[in-house]
Structure formats: structure tokens, C-alpha cells
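Contents: one structure, followed by commentary.
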Amino acid sequence: MIQKKTMFFAISIVVIATLAGAGGFLAAEHLQHPPAHEKSQNAAHTVPEQEGDGHDHEAEVSDLDRPVEEMWAAFCEHGIPQHQCDECRYEIGTVKLAPSILGDNGLVRTGLPEKRQERQQEHRLSGEVQFDDTRTVRVASPVSGLITRRFVTPGAQVAAGSPLFEIDSPEVTEAKGSYLKAKATLSLATQSAARESRLFAQKIAAEVDVQEARAKLAEAEAEIAASRGRLVRLGLSKTDVDAISAGNGSAVLNGLVVIRAPRKGTVIEGNAASGEQAEAGKELLTLSDLETVWVMADVKEAELAVLGNGSGKDAVVEAMEHSFTGRLDAVAGRLSETTRTAKARFSVNNADGLLKPGMFVSVRLFMPAKGEVLVVPKVAVLADEGRTFVFTHKEGDYWIRRPVSLGASIDSMVEITSGITAEQRIITDGSFLLKSDVLRGKMGAGCAD
């Protein structure tokens, strides 16, 4: 253990010696700080400590919060510009680098921030699979009666027009009888109107008789239309109605009506079986086309501004180690009072039918890129007491640390949202050497006395 510590100390000496040999720059190991009773001419930028802390010094405002030009114009206690003082420049986050240690073959590398096209932003949400309401119907019985047959079971795939239930209803029997009666009345009215027209042409019948016959014909036509429409509303198809007219009367005057699928889809659930009594308007089963489903995801209050109006954004839904393509349709207009989240609705392609209503899924939402962003190498960004900063070139051999705000990471680079511009040259590699020098100098100016 003693040998390892000795080796580490020796390596540290080599690094310091290398920096010291570069024209006398970065010589933090030779710093001599003024006595505690001497005050800097920068006292205007200090804040008195609270009384009773046991010290008589003043707490300095961080160099990261001070304007560069202000610090550049400041003089230290040695009577020279502070940035030129080998002992005091570190207090304003400044280092002096010899050209010999810069470049590809040196200890420190410099460069300009890069402009890159911003990547799509990704947001992760949790959600639940639900029916697509625009593709879902809840089939109810149009009549009251006894369920005589059930043609499908939950999970079955059906096409539009496929039979679902057969119901024996007295109402259907009555409607069929009314239709046959109206059909007979129409036939008689047609014949009567034709006869009166011939007699009128032969000047045997009066014109008023012709008009009465035609009025009765119109009434019969209206009645047959109403009777036919009633049969259709009760669930009979056009083919079923035509069969009533072609039948022998007794065969068609039963109360059987077949309830058919209004669209293609999957039978989700059924609430009736053969032998049960159906009531008009009572739901018999749910039918949904599951080729497209909805995913309802929770969006936090802070994310609402990012989503905007919530339409037309791509998403990927992940479940059962599978990925499904989706599209953000809308975001609810109000927040839940308990969870403080809003519901976002995604339409998801489910052609394979793997997603089932009620299943929990993970959603990756991709927001479109806004344009170019400024990026720097991650190694160029340093931290001190929770603040992030980079070293920027001021003039000549002088470099000064400035605060930056970070955005998204892009491979080995990181986005800079504020703090520097694309025209400012920065230390891209080796910044940790400069940071060590600055912090060592700043710590040396503490309460050693």
C-alpha cells in the first residue's frame, strides 16, 4: 500500500513538473497567497460572512457569476491586473498557457464548438392498451325475444354481415304480417287505379273516381314503404324482406331474425347465450377491429409544453419484447386531480393482433428536431460545486472558465444550451489539468491562518 501511494505521488510530480517547464506557466505549485489580513481591491465583490462564524474573512462571489471584463479590469493586492498575477489569477478562474503545451502533441487541446443537427427528442411514457372507439361497436338486440342460436364466441374473427345471434321475437312476426297486409293493399290499389283510368278514358267513370283511386294507391305505396322500413330496423336484411314477398305466407310468418355483424372485427365479449331472453336495446356483445388500437399514456404536467397540441408525432410502443409503430393523436385538455397527469392517446398499428385491450405497455415518443445545436466534447465540460463550466480563450495566453448550461448528450459530445457561442475557442481536452490548478489556487487562499 505504501508503494502504491509513493508511485502515485511520483506521477503527480511528473505532471506538475511538465506544466512548470512549459515556460513557467500553470505553476500553481509555486503559489504564495497573501496574509489573511491583506484585502484584495476586489472587496466590492464580496459579501460579509455572518457574525459569530469564527472567521474575520469575507466570502467571495464566484468568478462564474462575475462578468469577464470586470474581472479583467480588477487589480490584485500586488498592485497589478489580477489576471496577470501568477499568485492571484486563479481566484478569478484564469490560467496562463504556453503555446508549447497546446496542440495535438501537447497536454492540452483547443477547438471551436461544433454545430450539429439536433436529434429527435425521445420521451418515455407508460400506458395501457384500449379499444379504438372509432373501430369498436357494441351490438345490441333491436327487438325483444328469445335467443335461439348463438353463432360466435369471444375471440372469433368475423366479417361484416356475418351472423352473430338468432332471436325469435313476436314483434318480428307482427311486422312481417303488417308488411304482407300492406303488400296486398298495394296490389289492390294498383289494380283499382288502373281500372278507373280505363273507365275514365271510355267516358264511363267520372274524373273524381280516378283521383280517389290514385290517392288510395299513394297511401298503399307509403304503407308498404313504412312496413318494409320497420322490418329493416328490426334486423332483417333486404334479402330477408324480399323472401317474405316470395314465400307462401305461412313459412315466412315466423318471428326469427338474425343479428349480423355491422363491421369486421374480433368478438371481444358476449353477454348472452342460447335460451336467454333478449331485451330491445340490451348489449349482446362487443365487436372491435383490433388491427389498430389505442394506447392511453400518462403525461406529466411538465411535459405538456413539449408535446404542444399533441398531434402527428411518431411513437414506438414496446410490449412482450415487440415494438409497434404508433402516432400521437391528441392530448386531453385537462389534468387528473389525483395524479396531476393528462392522458395522451396514441393510435398503434396492431396488424398481428398481439396487443390486447388492458395490456400495459411502454411508449417512446419522438419529438421533431428544432434545428442546429451547439455541442462540445464531454471531456471539455467540468463541474465545481454543482456548476458546470468550460475554459474559453480570452486573449494571448490567457484562458478563463465560464459557466455553461447543458442539454442532451450526443455520443461523446454534449449540447450547450447557453454560456458560449460557436465563435469562442475552448479547451476541448486536458481541461482537468486547468481545473486542478484553479481549484488548488483558490483553496490555498482559504483559512490557512
Matching residues in segment 115-143 - criterion: being surrounded by fewer than 16 Cβ atoms within 10 Å (Cβ to Cβ) and more than 16 Å from residue 269 (Cα to Cα)
115, 116, 117, 119, 120, 121, 122, 124, 126, 128, 134
Give segment 202-254 a look and list any residue that's free of Cβ contacts under 8 Å to residues at least 12 places away in the same chain and of a type in the set (A, V, I, L, M, F, W, C), or say none.
204, 205, 206, 208, 215, 218, 222, 225, 232, 243, 246, 251
Can you find a residue that is without any contact (Cβ under 8 Å) to a residue 12 or more places away in the chain and of a type in the set (Gly, Ala, Ser) anywhere in segment 378-385?
yes
Would you mind telling me which numbered condition in (1) more than 22 Å from residue 62 (Cβ to Cβ); (2) touching a helix residue (DSSP H, G or I) at 6+ places or on another chain (Cβ under 6 Å) residue 422 fails?
(2)
Give the residues of segment 87-99 that are assigned to a loop (DSSP other than H, G, I, E, B) and out of contact with any Phe, Trp or Tyr (no Cβ under 9 Å at 6 or more places or on another chain), sorted by residue number.
87, 88
May I ask you to verify whether residue 366 is aromatic (Phe, Trp, Tyr), at pLDDT below 90 and out of contact with any Pro (no Cβ under 8 Å at 6 or more places or on another chain)?
yes
In segment 79-114, which residue that is surrounded by 13 or more Cβ atoms within 10 Å (Cβ to Cβ), among the acidic types (Asp, Glu) and under 48 Å from the mean Cα position of the chain (by Cα) is farthest from residue 421 (Cα to Cα)?
91
Filter pass, residue 216 being modelled with pLDDT of 90 or more, touching an Asp or Glu at 6+ places or on another chain (Cβ under 8 Å) and of a type in the set (Lys, Arg)
no
Residue 260 versus (1) of a type outside the set (A, V, I, L, M, F, W, C); (2) surrounded by fewer than 19 Cβ atoms within 10 Å (Cβ to Cβ); (3) more than 30 Å from residue 172 (Cα to Cα): which is the lone unmet condition?
(3)
Can you tell me which of (1) part of a loop (DSSP other than H, G, I, E, B); (2) among the charged types (D, E, K, R); (3) at pLDDT 85 or above; (4) out of contact with any Pro (no Cβ under 8 Å at 6 or more places or on another chain) is the one residue 70 doesn't meet?
(1)
Quick check: is even one residue across segment 147-161 touching a His at 6+ places or on another chain (Cβ under 6 Å), assigned to a strand (DSSP E or B) and among the β-branched types (Val, Ile, Thr)?
no
Of all residues being part of a loop (DSSP other than H, G, I, E, B) and over 22 Å from the mean Cα position of the chain (by Cα) in segment 352-396, which is surrounded by the fewest Cβ atoms within 10 Å (Cβ to Cβ)? Just the residue, please.
386
Any chance segment 42-60 includes a residue that's of a type in the set (A, V, I, L, M, F, W, C), at pLDDT 50 or above and within 15 Å of residue 393 (Cα to Cα)?
no
If residue 216 passes every condition in (1) surrounded by fewer than 16 Cβ atoms within 10 Å (Cβ to Cβ); (2) farther than 30 Å from residue 271 by Cβ; (3) among the basic types (Lys, Arg) but one, which one does it miss?
(1)
I need the full set of residues from segment 397-410 which are in contact with a Phe, Trp or Tyr (Cβ under 8 Å, 6 or more places away or on another chain) and either surrounded by fewer than 17 Cβ atoms within 10 Å (Cβ to Cβ) or not in a strand (DSSP E or B) (or both), in order please.
397, 404
Of 189, 184, 194, 213, the only residue that is assigned to a helix (DSSP H, G or I) and under 30 Å from residue 142 (Cα atoms) is 184
Got a number for residues in segment 411-425 being more than 36 Å from the chain's Cα centre (by Cα) and either assigned to a strand (DSSP E or B) or within 15 Å of residue 372 (Cα to Cα) (or both)?
0
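The values are calculated or read from the model by the stated rules, or taken from the named source; none is laboratory data. Small disclaimer: the values here were computed from a predicted structure and weren't measured. We place every Cβ from the backbone using ideal geometry, glycine too, and count neighbours over all the protein chains shown.
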